[in-house]
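These notes are about the structure you will find just below.
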Amino acid sequence: MLNKFEKNYEVTYRDTDARGECFFTSYMNFMADCGLSQEEKLGFSLPEMVKNNHTWMLYDYDVIVYKYVKYKEKVRVITYAKSLNKFYALRVFEMYNEDNELISEGITLALLIDTIKKGHVEFLMSIIKHMV
């Protein structure tokens, strides 16, 4: 069974254009924050990653926006790690509006990188067990 995680957001002024529609980059920021929040909940904190000279590098993504939400509207993001192998993680995102309509979905491919050696880091089996 997939370990799903969800988080709610409100579209703020800084997230919108002159028409009050949410920027594409804000959709990406909601997704990134939701993914990192899931990792923190599972015990993998950003400060710990920095201490160990690790970071996530977004390698590829495919995001589709079906509907742009407006200023002050609320969105719900659901994410889960679809697959993990020794060097990369494939993560799925779904975003819903207040009417529970699917407004955006995406998939990302990220590598765990050693910031000193500038190379990839193998996932530990303990991480994989928590994420999938």
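When +1 charges are put on Lys and Arg Cβ atoms and -1 charges on Asp and Glu Cβ atoms, the dipole computed for the range 1-78 relative to its Cα centre reaches about 280 debye.
Given R0 = 41 Å, the distance between the Cβ atoms of Phe87 and Arg19 translates into a calculated FRET efficiency of 0.50. Take the cross-link list Lys4/Lys70; Lys7/Lys41; Lys7/Lys67; Lys7/Lys74 and give me the ones stretching past 22 Å between alpha-carbons. Pairs exceeding the cut-off: Lys4/Lys70. Amide hydrogen proximity for Glu73: with H placed 1.01 Å from N in the peptide plane, the residues at 5 or more positions away or on another chain lying under 5 Å are Val11. For the range 99-113, backbone phi angles converted through the Karplus equation (6.51, -1.76, 1.60; θ = phi - 60°) give residue-by-residue couplings of 8, 6, 8, 6, 9, 7, 8, x, 9, 10, 10, 10, 10, 8, 10 Hz, Gly and Pro being listed as x. Put simply, the amide H of Phe87, placed in the peptide plane, has neighbours under 5 Å in Phe123, leaving out anything fewer than 5 places away on its chain. Peptide packing: for 60-69, 46-55, 104-113, the average count of neighbouring Cβ atoms within 10 Å per residue gives the ranking 104-113, 60-69, 46-55, highest mean first.
Annotation: per residue accessible area for the chain equals 62 Å², rounded to a whole number [probe 1.4 Å, protein chains only]. Among (i) 60, 41, 29; (ii) 45, 33, 23; (iii) 51, 45, 33, only one was calculated for this model; which label is it, if the read-out is Cα extents along the principal axes in Å? Given (i) 60, 41, 29; (ii) 45, 33, 23; (iii) 51, 45, 33, the structure-derived one carries the label (ii). Cross-link partners for Lys117 among the lysines, with Cα-Cα distance under 27 Å and sequence neighbours closer than 8 places in the same chain left out: Lys51, Lys86, Lys129.
Per-residue 3J(HN,Hα) values for the range 40-47, derived from phi via the Karplus relation 6.51 cos²θ - 1.76 cosθ + 1.60 with θ = phi - 60°, read 4, 4, 7, x, 10, 7, 4, x Hz in sequence order (x marks Gly and Pro).
Our estimate of slack between Asp33 and Leu102, defined as 0.36 nm per intervening residue step minus the Cα-Cα distance, is 23.0 nm. The fraction of accessible area contributed by carbon and sulfur in the chain is 55 percent, rounded to a whole number (1.4 Å probe; ligands and nucleic acids excluded). Considering the chain as a Gaussian network with a 10 Å cut-off on Cα pairs, which listed residue, Arg19, Arg76, Arg91, attains the greatest mean-square fluctuation? In this elastic network of the chain, the residue with the biggest mean-square fluctuation among Arg19, Arg76, Arg91 is Arg19. Working note: Karplus 6.51/-1.76/1.60 with θ = phi - 60° gives the range 62-79 the couplings 9, 10, 10, 10, 8, 8, 8, 7, 10, 3, 6, 6, 9, 10, 10, 10, 10, 9 Hz, where Gly and Pro are set to x. In this label model, Lys4 and Leu58 are separated by 2.3 nm, measuring between points 7 Å along each Cα→Cβ vector.
The values are calculated or read from the model by the stated rules, or taken from the named source; none is laboratory data. This structure is a prediction, so every number in the text was calculated from the model and none was measured. Quick reminder, even Gly has a Cβ in these numbers, built from the backbone with ideal geometry, and neighbours come from all protein chains shown. Note: areas computed on protein heavy atoms with side chains; ligands, DNA, RNA excluded. Shrake-Rupley method; radii C 1.70, N 1.55, O 1.52, S 1.80 Å.
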